[in-house]
Amino acid sequence: MSKEKKKISRRKFLVRGGLGTVGVLAIGSYIFRNPIRRAILAMANTMDMAYMGDTSNPMLWFELTKDNTILLHSPKVEMGQGTFTSLAQMAADELEISIDKIAVIHAATSTGNIDGMSTGGSTSVAGLWQPLREMAATFREMIKTEAAHKLGVAVSALVSENGIFSANGKRLSYAEVADGVATWEVPDVPALKEIKDYKYIGKPVPRVDLAAKVFGHPIFGMDAEMSDMLYGSVVRPTKIGARFISADVSKAQSMPGVVKIIEEDDFVGVVANSATEAENAKNAILVEWDAPNHLQTADIISLMTVGNGKSTIIQKEGSEVTDDGLVTMEFRSPIGAHAQIEPNGVLASVVGDKATIKIATQVIGLTRKEVAERLDLDEENVNVIPTYLGGGFGRRLHTPHAIQAAVMSKAVGKPVKYFFSRKEEFQHDMFRPPTHHVMKGKLDTDGMLEHLEHHFVSGDVGNDSALVPGILPPIIGADIGAIRGGFIQYGKVPNLRSVYWHVELPFATSFWRSLGLLANTFAIESFMDEMAVRAKKNPIDFRLAHIQDDVAGERLKNVIRAAADNAGYVDTVINGKAMGFAASTDANTPCAQVAEVSIEEGEIKVHKVTLAMDPGVAVNPDQVKAQCEGCVIMGMSAAMHEQMYVEDGELMPIIYGPYNMALMKHAPKEIDVVLLQGIDKPGAVGEPPLGPIAAAVANAVFRLTGKRLNEMPLRL
Amino acid sequence: MKISFFLNGISETIVVADGNTPLLWIIRDVLNVKGTKFGCGKAACGACTIHVEGEAVRSCSYPAKFAEGKQINTIEGLGNEENPHPVQQAWIEEIVPQCGYCQPGFIMATAALLAKNPNPTDEDIDQNISNVCRCGTYFRMRKAIHRAAELTQSANTKTEENV
Ligand code: FES
Ligand code: FES
């Protein structure tokens with residue numbers, strides 16, 4: 001396959017980028033006078049983020065190959081969310097070729113097609129919706145113009161079918177058209193087709209990576225190979241906050257298969273001939289740590305309590321309220337692990353002033369930058385070749401292991417592959433922070449809420465992240481990740497408060513799929529259910545009555561009605577089964593869920609979940625449904641089973657099983673997904689459906705037992 | 001130590017310093033057959049599930065020396081695009097995978113289950129399929145397992161008719 005990359009003679013910049021398109025605030029209004037702060041908060045809440053990379057040049061994205069396949073170099077990575085399939089659909093429709101003529105591959109940084117941000121935040125398809133279709137349409141016209149030229153006819157006389165042009169009895173494939181072209185004529189951006197005219201967009205096209213994943217092709221970071229490669233391993237402490245003092249490597253040095261022990265200022269690593277030998281040698285290194293820490297879970301819980309730390313009001317409407325008649329409830333969520341099945345790993349090769357890094361990463365550009373900085377290389381000389389991700393969920397927004405592998409490779413002069421053990425994955429995760437919430441509310445004489453307050457404390461999510469510019473936290477005064485889902489979506493309540501409390505934890509916490517959404521929704525929606533019960537109202541009607549009548553409000557009301565109708569929601573226990581309801585709005589996508597629950601042998605059993613969501617245009621409705629199903633199950637796992645704890649300064653447990661997760665037997669046998677389309681472009685999909693599930697299940701349990709479960713994981 | 005076995009029907013002989021090296025690493029790193037995945041190394045996730053003499057085995061915790069003389073099968077030996085195993089066919093029809101990393105292990109575990117129990121009930125599935133999928137594809141997997149059972153049965157009926 002040769003690469004037909006040519007100079008572009010005339011460029012039409014299809015610029016989309018920067019933070020220009022800050023979304024309109026979906027709910028409430030703010031007390032802040034500072035418009036920047038307000039705009040950034042709004043953006044954090046709606047995640048209406050434009051794609052941040054170069055979309056001016058179709059040649060950066062599309063490559064014609066001799067076999068007439070078009071390679072689509074994707075700067076967004078595929079981690080299960082189905083982005084590759086949606087991109088292929090969008091490209092095929094505007095290129096006017098069959099989707100099987102498109103092969104989506106990860107763009108290596110050497111192609112120059114680099115995402116300025118990350119793959120995450122449910123922004124990939126939404127952010128590329130406009131620019132990718134425009135580039136595909138432009139590319140199509142470029143080829144057409146050239147084809148007409150080569151066939152000696154006017155563009156209008158060309159007949160084009162599935163990547164083949166014909167005129168005057170002659171035929172040319174896309175690839176033949178491109179052959180030998182030195183300078184392309186680039187037209188103005190052609191008009192895009194109407195959505196209804198698309199052949200692939202909006203259809204349940206099978207995933208483009210289906211065969212690779214069913215037949216076991218070597219597509220993951222763990223599968224990466226280079227000739228002559230060795231295996232690395234890096235020593236890590238088991239205690240929180242442990243500081244390295246010294247290492248005795250003498251025993252490890254003479255272990256079988258050991259090639260070299262690498263002692264750097266910030267880590268000690270082993271390179272050996274096999275993964276097992278590297279691991280064994282690492283375990284034989286005697287390290288002295290300064291680990292003064294004897295923290296227990298109880299210490300973390302008392303630290304994470306509303307009232308500790310610094311507070312920021314993120315939502316304020318109406319007036320203050322006096323304490324009388326105020327209902328108050330507390331909720332908690334635990335430390336959560338990512339627990340993605342493919343461990344973090346990397347294969348690095350450093351030769352002279354160049355480095356090649358094969359890695360499953362959500363931050364291709366950042367990985368490159370960090371390796372270049374550490375090795376003092378030009379960024380252009382570091383080629384990051386992304387692989388498929390065996391799960392992302394936010395865990396792969398941090399890739400310091402790429403630096404370590406590169407350092408080890410340089411030290412041994414050969415490629416070095418290195419990955420985390422499962423124990424290291426669990427103890428050195430960048431966890432979902434634990435949270436504590438205090439909800440306060442007051443009903444008026446008609447049983448309507450006149451006051452609703454959400455106070456919550458969380459460890460860091462976005463603060464201190466290389467992905468969140470350092471200037472942001474001081475400006476907005478709140479962690480843009482922790483506050484996801486922390487806003488109250490019931491705009492008709494006259495007096496609203498949402499207050500975020502910031503506490504620093506002694507261990508690293510960060511982005512976990514949907515960020516603050518799951519825990520915040522658990523608190524707010526459990527409390528809404530409680531207030532509906534106290535008002536003696538049906539929880540669906542109670543919610544609907546409190547939602548404002550703007551666009552966001554109407555979309556939310558519609559998903560609430562759709563979920564309730566499709567589930568046949570009833571507020572009574574029938575045959576030992578009860579329904580629980582909850583709804584959330586995340587990144588501008590509203591989602592409502594009904595969970596059908598019973599108690600079996602003392603355990604909470606979820607039989608069916610009905611979910612309604614309005615993600616706007618569903619580029620691939622089947623994969624949107626798959627994301628909904630996956631979010632329900634991952635959310636149930638986090639809400640009902642998972643919990644990290646701290647024992648004598650160590651994060652535990654260190655293995656699946658003890659880190660209890662939802663298995664086949666826990667998954668609902670029915671998940672019914674209803675998709676609505678309340679806006680005419682694609683919105684967020686991969687995270688919003690994680691919001692309601694914890695509260696929906698807890699609210700069903702309340703109907704069965706009269707007990708309000710206020711702690712994740714939910715226990716009877 | 002020298003160990004000989006059949007990997008997907010092909011006879012292989014490897015030399016390994018330590019016979020207790022997990023078979024997973026022999027398959028992945030020595031024989032370079034990468035479909036079988038590493039997830040935990042402690043028999044706790046099922047990502048490394050293979051067939052040893054037709055039985056589902058978690059290869060991360062299976063010492064290579066025990067493979068001597070045995071028939072070892074991995075996802076690559078189960079079927080291919082031209083001739084998919086009914087479990088793979090069902091997985092394609094139901095569009096099961098998301099990230100895909102856990103899938104070879106589940107597919108191998110399911111194929112072993114169906115070989116013993118051609119028409120498993122939901123309860124049988126719950127009891128026998130204990131791998132972990134972080135993307136939460138269990139809902140589609142269950143549908144795919146029932147579908148695979150159907151496909152296997154109709155294939156068997158056809159074979160019988162031919163006989
Ligand atoms: S890797 Fe073998 S069970 Fe997890
Ligand atoms: S598909 Fe991702 S872990 Fe199962």
- prompt: In nm, to one decimal, how far is the A:D290 label point from the B:K42 one, both placed 7 Å along Cα→Cβ?
  reply: 3.0 nm
task: Starting from the Cα gyration tensor of the stretch B:86-161, multiply each eigenvalue by 5, take the square root, and state the resulting semi-axes largest first in whole Å.
output: 21, 13, 10
Centre separation in Å (Cα based) which lies between the stretch B:116-140 and the stretch A:80-129: 32 Å
- request: Would you mind computing, in nm to one decimal, how far apart the modelled labels at A:K369 and A:V551 are, each placed 7 Å from Cα along Cα→Cβ?
  value: 3.2 nm
- line: Note: A:N538 to A:N283 extended length (0.36 nm per residue) minus current alpha-carbon separation gives 85.9 nm
- prompt: Among the listed pairs A:K608/B:K34; A:K440/A:K681; A:K442/A:K577, which are separated by more than 32 Å between their Cα atoms?
  reply: A:K608/B:K34; A:K440/A:K681
query: So how much slack lies between A:E647 and A:E603, counting 0.36 nm per residue of separation and subtracting their Cα-Cα distance, in nm?
result: 13.2 nm
task: Summarise the partner chain shielding of A:335-341 as one whole number: the mean count of Cβ atoms from other chains within 10 Å of each residue's Cβ.
output: 4
statement: Note on the stretch A:499-545: the mean projected area of its alpha-carbon convex hull, in nm², is 4.8 nm²
field: D (Stokes-Einstein, µm²/s), Kirkwood Cα radius, the stretch A:584-663, 1.306 mPa s at 10 °C
entry: 106 µm²/s
message: Using the alpha carbons of the stretch B:2-77, what is the convex hull volume per residue in cubic angstrom, as a whole number?
response: 73 Å³
Protection-proxy order for peptides B:14-24, A:523-533, B:98-108, each taking the mean of Cβ atoms within 10 Å per residue, highest first: B:98-108, A:523-533, B:14-24
- prompt: For A:E711 and B:A115, what does the FRET efficiency come to when R0 = 41 Å and r is the distance between their Cβ atoms, rounded to the nearest 0.05?
  reply: 0.40
- request: Straight distance only, please: which aspartates and glutamates reach the Cα of A:K170 with their own Cα at less than 18 Å, same-chain residues fewer than 8 apart left out?
  value: A:E146, A:E161, A:D179
query: Roughly how big is the A-B contact, given as buried accessible area in Å² (both sides, 1.4 Å probe, nearest 100)?
result: 4400 Å²
task: Counting only C-alpha contacts under 8 Å and six or more residues apart, can you give the relative contact order of chain A as a whole percent?
output: 15 percent
task: Could you work out, residue by residue across B:31-38, how many beta carbons of other chains sit within 10 Å of that residue's beta carbon, and then give the average as an integer?
output: 5
field: J(HN,Hα) series, the stretch A:253-263, from Karplus relation 6.51 cos²θ - 1.76 cosθ + 1.60, nearest Hz, glycine and proline x
entry: 3, 9, 6, x, x, 6, 9, 6, 9, 10, 10
The stretch B:86-161 - percent relative contact order, Cα under 8 Å, separation 6 or more: 51 percent
task: Note the full-extension length gain between A:K203 and A:D446 as 0.36 nm times their separation in residues minus their Cα-Cα distance, in nm to one decimal.
output: 82.8 nm
message: Output the 0 to 90 degree angle, nearest 10, between the alpha-carbon long axis of helix B:103-116 and the longest principal axis computed from the alpha carbons of chain B.
response: 70 degrees
task: Output the relative contact order of the stretch B:2-77, whole-number percent, from Cα pairs under 8 angstrom with separation of 6+ residues.
output: 40 percent
message: Run the paramagnetic zone check for A:L192: 7 angstrom along Cα to Cβ, then residues of the stretch A:138-166 with backbone nitrogen under 12 Å.
response: A:138
field: Dipole magnitude (debye, nearest 20) for the protein assembly as shown, charges at Cβ of Lys, Arg, Asp, Glu
entry: 800 debye
task: Hey, for a label at A:S250 modelled as a point 7 Å past Cα toward Cβ, could you say which residues of the stretch A:283-300 have their backbone N under 13 Å away?
output: A:286
- line: Hydrophobic long helices for chain A, i.e. whole DSSP H runs reaching 20 angstrom or more by Cα along the axis with Kyte-Doolittle mean at least -1.0, come out as A:124-151, A:517-534, A:551-567, A:621-640
Near-label residues of the stretch A:215-240 by backbone N, under 15 Å of a point 7 Å along Cα→Cβ of B:V15: none
query: Averaged over B:100-111, how many beta carbons belonging to a partner chain fall within 10 Å of each residue's beta carbon?
result: 5
statement: For the pair A:D266 and A:S156, the simple spin-label estimate (label points 7 Å beyond Cα toward Cβ) gives in nm 6.4 nm
message: Calculate the FRET efficiency for A:S98 and B:N80 from the Cβ-Cβ distance with a Förster distance of 30 Å, rounded to the nearest 0.05.
response: 0.85
- prompt: Of all the Cα-Cα pairs you can form in the protein assembly as shown, what percent are over 41 Å apart?
  reply: 37 percent
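Using the per-residue mean of other Cβ atoms lying within 10 Å as a proxy for protection, in what order, highest first, do the peptides A:683-693, A:443-453, A:129-139 fall?
A:683-693, A:129-139, A:443-453
The values are calculated or read from the model by the stated rules, or taken from the named source; none is laboratory data. Computed from a predicted model, the values in this text were never measured in an experiment. Ideal geometry is used to build each Cβ from the backbone, glycine not excepted, and the neighbour counts take in all protein chains shown. Side chains included, ligands, DNA and RNA excluded: accessible areas come from the protein's heavy atoms. Shrake-Rupley method; radii C 1.70, N 1.55, O 1.52, S 1.80 Å.
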